[in-house]
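Enquirer: Just dropping this structure here.
Any read-out appearing in this document is the output of simple, stated calculations on the displayed coordinates, not a laboratory observation. In this text, all values refer to a predicted model and were calculated from it rather than measured experimentally. Cβ atoms come from the backbone with ideal geometry, glycine included; neighbour counts cover every protein chain shown.
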Amino acid sequence: MRVPETTLDSRYSDPQAVPTTWDDTRQEIEVAELFWLTTVRTDGRPHVTPVVAVWLNDALYFATGEGEQKERNLRTNSHVILTTGRNDWHEGFDVVLEGDAHLVTDEAILELLGEVWRHKWDGRWEYATHDGHFLSADGSEVLPFAVTPTKVIAFAKGMFAHTVHRFVAN
């Protein structure tokens with residue numbers, strides 16, 4: 001398991017705030033049902049769309065169909081941001097995850113991912129593995145992407161804390 005360097009940004013935190021731990025931040029990522037994925041179009045404009053995702057082996061995975069806007073964007077620019085959280089002001093926290101998205105084609109990882117998706121979603125997201133991609137229940141091809149975070153920001157609410165988790169290369 002990769003362990004980030006964690007710091008509290010006091011400029012955006014209450015004076016008594018403490019950093020949100022990586023364990024708490026990762027737990028929020030693991031249980032989140034919805035993420036907002038930001039990709040970059042070829043002309044530089046951002047594209048934002050909701051996706052379901054799963055956390056496995058230090059990466060966040062999402063899937064999309066070939067030819068969808070996010071997939072077309074990722075062909076030329078792998079930089080992404082995924083956000084999740086609550087629209088409340090006084091409780092919980094929001095998470096922003098930055099990294100590069102890479103297509104997953106390894107059959108063993110795809111099999112494991114299919115199980116993780118099935119378990120997290122109680123069977124509502126069923127993917128079969130076939131020739132280095134997923135097949136949805138209707139037989140259409142689905143492309144899974146992995147995002148290994150380079151930086152994750154946790155924005156705690158109530159007692160406001162702006163925590164930055166940075167993953168440095170080994």
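Enquirer: Considering only C-alpha atoms, what is the centroid distance from the stretch 1-59 to the stretch 105-141, in Å?
Expert: Cα centroid to Cα centroid, the span is 24 Å.
Enquirer: Longest span of the chain, sites excluded, free of GluC sites (Glu not before Pro) in DSSP loop with at most 10 other C-beta atoms within 10 Å?
Expert: Answer - 92-170.
Enquirer: Another question about this same structure. If you rank W22, W121 by fewest surrounding Cβ atoms within 10 Å, what's the result?
Expert: In increasing order of surrounding Cβ atoms, one gets W121, W22.
Enquirer: Kindly provide the helix-only [θ] at 222 nm of the chain, computed as the sum of -39,500 (n - 2.57) over DSSP H runs of four or more divided by all residues, to the nearest 500 deg cm²/dmol?
Expert: -5500 deg cm²/dmol
Enquirer: Taking the Cα centre of the stretch 5-166 as the origin, how large is its charge dipole in debye, to the nearest 20, when only Lys and Arg (+1) and Asp and Glu (-1) carry charge on their Cβ atoms?
Expert: My answer is approximately 600 debye.
Enquirer: Further, regarding this structure: Among L112, L60, L34, which one shows the biggest mean-square fluctuation in a GNM of the chain, springs joining Cα atoms closer than 10 Å?
Expert: With Cα springs under 10 Å in the chain, the top fluctuation among L112, L60, L34 is at L112.
Enquirer: Largest first and in whole Å, give the semi-axes of the stretch 5-166's equivalent ellipsoid, each being the square root of 5 times a Cα gyration tensor eigenvalue.
Expert: 30, 18, 13
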